[in-house]
Amino acid sequence: MTLSKKLLTSLAVCAGLSLNAATNELVLQTNKPGAPIQPTMYGLFFEDINYAADGGLYAELVKNRSFDFPQNLMGWTTFGGVELKNDGPFERNPHYVRLTTAGHRDKHTGIENEGFFGIGVKKGEEYRFSVWARNVGQAPAKIRVELVSPESMGETQTIASKEIEIKGDKWTKYTAVITPSVTDAKSVLRVFLAKPDNAVVDLEHVSLFPVDTWNGHENGMRKDLAQKLADLKPGIFRFPGGCIVEGTDLPTRYQWKNTVGPVENRPVNENRWHYTFPHRFFPDYYQSYGLGFYEYFLLSEEIGSEPLPILSVGLACQFQNPGAEAHVPVDSLQPYIQDALDLIEFANGGTDTKWGALRAEMGHPAPFNLKYIGIGNEQWGPEYPEHLTPFLDAIRKAYPDIRIVGSSGPDSEGKQFDYLWPEMKRLKADLVDEHFYRPESWFLAQGARYDNYDRKGPKVFAGEYACHGRGKKWNHFNAALLEAAFMTGLERNADIVHMATYAPLFAHVEGWQWRPDMIWYDNLNSIPTCSYFVQQLFAENKGTNVLPLTMDKKPLTGAEGQNGLFASAVYDKDADQYVVKVANTSDTPQQLVLTFAGLKKKESITDGTSYTLASKDLDLDNIERDGSMNLNIAPVKADITVNGTKYDTTIAPNSFVVYRFNKK
């Protein structure tokens, strides 16, 4: 090749690169700090869907531990002399089993529990078995507790075992710690009547927990899942749902008073999601209420977030109950209103109050300092403001400092949305909860969604959102990227948007009803998704004040001519750093020139750090469609160097980058 041909080839390559990497000058006004970013800006929404509570975050390993599912022995196998009885020691969980002789010395009596898709245990770790029991026979009695690997090919199926002597005819709680000799995701729990000759033993509330729960609580959370929540640095924690707040019908709505007090006496409730979808059908999905409002408040406190409980407004799920006869008449709402007032007393009342005393009795004498409460979930139509009004009046009269969250219905726009927002303004709701599960095109078009909201109206709580790919309703990187793009618009409008929570939060790989979801797990392991990392990057880098960031004097909202770029900027006064977040949703690299305007004469930008979340395969995620969990994608940290007041870089196609800059 001649020199001239080599030169022409080089020029052609350079020309091609220049065509693929447009130059975009982003101007950051460092001297114009704007709205403060609320500590509640990025947080968590928990709903017991996808086995998020029992079988998930709640660390109990036994299904139907009190034999009070509608099919009383669901989850259990019995053998030998086993009788179900219903006059037990706990009023709201009356059922128990009686073990008697199997009738022959070589036959055995006992019960076996299958757990949630099996019982996951790890070799060498300790598990606390507990049971309420009594000896009602004439002979001494023992039970033998075993963890068993049913598919074991070894000399024995038993991987842990311990005997417990049952003394006396009074109901007593017995405990034992057992340690498996192997790791098994699919073990089962067996309880034998160890001395069958004339022995008669009653068993109630059969339970098995890891000893090593989150913060060591005996009625505790699964440690790896709770830690992932804490690692998100959430500012707000909304619970217990969603649609389960409403219930399939009013009798199955979530009632917080059933979830507090001794765990043995919390009644089972039907889960609204157990047979909603015939194609993802789980008729054994109930709520034990072991994870109840006390545990939610405690978890909020321990992960550093403000609690946001949501209560029924007296309307059952309107999708499933279109007729007025399924709902509470407005003149009959007083018990529901009293539940809301009593909840605030439970959270904040002194120990000399009825509900504050119960909180103290449960182990937390100090108030939880509740500041927010939500009334209703995705209700719509005139019936919602009609029902909401008496709640607002009563709560404001009794607790004027509590901020109340209303709803804009199930849609992100349209007839009901347009009706409810003016109603929420009229009623002076403090925040309005917006929900949007929408496709890629919607997220790409929403970069400026909040730019023109009324600054005098209620604040916004983006309470449930996720990008649902068109024809790709599963976790994948492109959906997370577009969520990041959308979130730059939340951040730029932090004066009006005070809270945002992705949804749903959890999903069991064998028990999901809805996807995509933020954290996936099986019985032993868990994995953060790309959407998780987007939430984490925003939360860890939220800063304290919004800063103006423009290109051609316009905010970067993915608008025409902006090359698929979305961006926001904040100042972190605690670290004295500038933070810029950029999402490149285009298929081409984009050259960025970031200009720091407004610095004082002796100020400059010296160096910093970048965090990049990217994938060449837009359909890839850490939870794959076959349920396998692999950390395929995670943020990559790098040092960056800046000289003076400009930073030149190229952002890769289909990537999200957070830049933190130090000021000299």
### Message
Report the gain in length on full extension from K646 to W171: 0.36 nm times residue separation, minus Cα-Cα distance, nm rounded to one decimal.
### Response
163.6 nm
### Query
Among K233/K646; K371/K553; K228/K554; K223/K573; K554/K663; K228/K646, which pairs are too far apart, with a Cα-Cα distance over 29 Å?
K233/K646; K371/K553; K228/K554; K223/K573; K228/K646
## Note on the structure
Scoring only Lys, Arg, Asp and Glu (+1, +1, -1, -1) among other residues with Cβ under 10 Å from the Cβ of D249 yields 0
### Efficiency of FRET from Cβ geometry, W474 and K123, R₀ 22 Å, rounded to 0.05
0.10
### Task
For every other residue with a beta carbon closer than 10 angstrom to the beta carbon of L594, add +1 if it is Lys or Arg and -1 if Asp or Glu, then tell me the sum.
-1
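Between N215 and D352, what length in nm is gained on full extension when 0.36 nm per residue of separation is reduced by their alpha carbon distance?
Values: separation 137, 0.36 × 137 = 49.32 nm, distance 2.82 nm.
Length gained between N215 and D352: 46.5 nm.
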### Query
Which part of the stretch 128-167 falls in the paramagnetic zone of D87, meaning amide N under 18 Å from the point 7 Å along Cα-to-beta-carbon?
133-138
### Summary
Taking Cα atoms only, helix 415-426 is inclined relative to the longest principal axis of the chain by an angle, in degrees rounded to 10, of 90
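Can you work out the FRET efficiency for the pair R625 and A35, with r the C-beta to C-beta distance and R0 = 41 Å, to the nearest 0.05? List each step's numbers first, then the result.
Working: r = 41 Å, r/R0 = 0.99.
After rounding, the FRET efficiency stands at 0.50.
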### Message
Can you compute the modelled spin-label distance between Q334 and T588, with each label point 7 Å from Cα toward Cβ, in nm?
### Response
7.0
#### Entry: Simple spin-label estimate for R396 and K616 in nanometres, 7 Å along Cα-Cβ
5.9
### Degrees separating the helix 383-398 axis from the principal Cα axis of the chain, which is the longest one
80
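Could you please rank V148, V245, placing first whichever residue has the fewest other Cβ atoms within 10 Å of its Cβ?
Working: V148 20, V245 26.
With the fewest neighbours first, V148, V245 line up as V148, V245.
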## Note on the structure
per DSSP, antiparallel bridges as share of beta bridges in the stretch 428-567, % nearest 5, sits at 30
### Task
Determine the gain in length on full extension of the stretch D576-T78; use 0.36 nm per residue of separation and subtract their C-alpha separation, reporting nm with one decimal.
172.8 nm
### Inter-label distance, nm, simple model (7 Å from Cα along the C-beta direction), L524/E302
2.4
### Task
Between A634 and E155, take the C-beta separation as r, use R0 = 35 Å, and let me know the FRET efficiency to the nearest 0.05.
0.25
### Query
When you count, for each residue, the other Cβ atoms within 10 Å and take the mean per peptide, how do 247-256, 370-379, 41-50 rank with the highest first?
41-50, 370-379, 247-256
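Report the charge-dipole magnitude of the chain in Debye, nearest 20, computed about the Cα centre from +1 at each Lys and Arg Cβ and -1 at each Asp and Glu Cβ. All intermediate terms of the calculation are to be shown ahead of the outcome.
Details: 68 positive and 82 negative charges, 353 e Å.
The dipole of the chain has a size of about 1700 debye.
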### Lysine-lysine proximity count for the stretch 76-210, Cα under 18 Å, sequence distance 8 or more or distinct chains
15
### Task
Compute the long axis of helix 334-348 from its Cα atoms, compare it with the longest principal axis of the Cα atoms of the chain, and write down the angle in degrees, 0 to 90, nearest 10.
80
### Message
How much of the DSSP bridge set in the chain is antiparallel, in percent, rounded to the nearest 5?
### Response
70
### Query
Remind me, relative contact order of the chain in percent, using alpha carbon pairs under 8 angstrom and six or more residues apart?
16
### Message
Which residue, P89, T179, Y127, has the largest displacement toward the positive end of the dipole of the stretch 76-210 when charges sit on each Cβ (Lys, Arg +1; Asp, Glu -1)?
### Response
P89
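Laboratory data are not the source of any read-out in this text; all were calculated from the coordinates shown. In this text, all values refer to a predicted model and were calculated from it rather than measured experimentally. Using ideal geometry, Cβ is built from the backbone for each residue, glycine included, and neighbour counts are taken over all protein chains shown.
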